[in-house]
Amino acid sequence: MSEPALHDDTPTDTTADVTTDASTDASASPVLRVTDEALDRIIEIRDGEPEPQSMCLRVAIVGANGADFAYDLGWADIGELDVDDDVSVQAGLSVVVTADSIDRMRGSVLDLPTDPAGSGFVIRNPNRPERPNPMEGRNLTLTGELADAVQELLLERINPQLADHGGYAALVGVEGSTVFVSMGGGCQGCAMSAMTLREGITAQILESVPGVDEVIDVTDHDAGAMPYYT
C-alpha cells in the first residue's frame, strides 16, 4: 500500500491520556500520540484494506534529514511485532513505535498538516538527531599568525557590528587553514545568526585573512536563551 507523505514539523508538548496495551502502564502517555484528526484519517485508510483489524500503524525512525529525523510509516501485522516494540491502542487503532526508535520518538505527536492544503501527516518530535561535534579529534590552537589575524578582525571590525544586537563572535581555534568560530550573547540561538556567520563573518574572514580556506561555525544555537531575533 502506498502511504500518504510523511513530514516532520515543529515540536509540541501536547499530551493526552490513552489506553495502552497490557505491557505498559495504562495511565501513561504513549511514546507517539496520534491526534483525533489524524486518527480519523488513518482509520479511514486502514478500513479500506483487507483484514483491517489485524493491522497496526507502525512508525520507525530510519535516519536523519538535516536537523530532523526521517521516518517510515506503514502498516504491519499485529502478530508480527517485536516484543520490545512500544504498542498503544488509540481509538481502536494499534500504534506501534519500533524498539530502536522509542527513546528518540518519546513525546512525539502524529498529526495532520496545519496547512489546509497540505497532504499526508506530520510528526512533531521534541527530540532531534545528535549532531557530530565539528571539533572532535581536532588539534586547535589560538596562537600564531593566522589566529592573531582572525582575532584582530573579530575585535576591530566584526564584533562592533554585532554589538548592536547584543552579540559577539569568538575564535575557538585554528587548525591548518581552517578557522573555528562561535557566536554568543544575543547571536546565540538567533534565527539569523547562522546566516550572519555564513554570509557575513565567513566572507569577511576569507577575504581579509590570507591563508584561511574554510570557516566552521561551532555555535550551539539550541542553547541560546535570549536571542535578539525571534
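What follows is calculated from the coordinates using simple rules that are stated; it is not laboratory data. Predicted model, so just to flag it, every value in this text is computed and none were measured. All Cβ positions, glycine included, derive from the backbone under ideal geometry; neighbour counts span all protein chains shown.
Quick notes on this one:
- If the segment from E145 to R128 were pulled out straight at 0.36 nm per residue, it would be longer than the present Cα-Cα gap by 2.3 nm.
- Computed extension gain for D213 through E156, at 0.36 nm per residue and net of the alpha carbon distance, reaches 18.4 nm.
- Once both labels are positioned 7 Å from their Cα atoms along Cα-to-Cβ, the gap between A170 and D84 label points is 4.1 nm.
- FRET efficiency, S177 to V62 (Cβ-Cβ, R0 30 Å, nearest 0.05): 0.25
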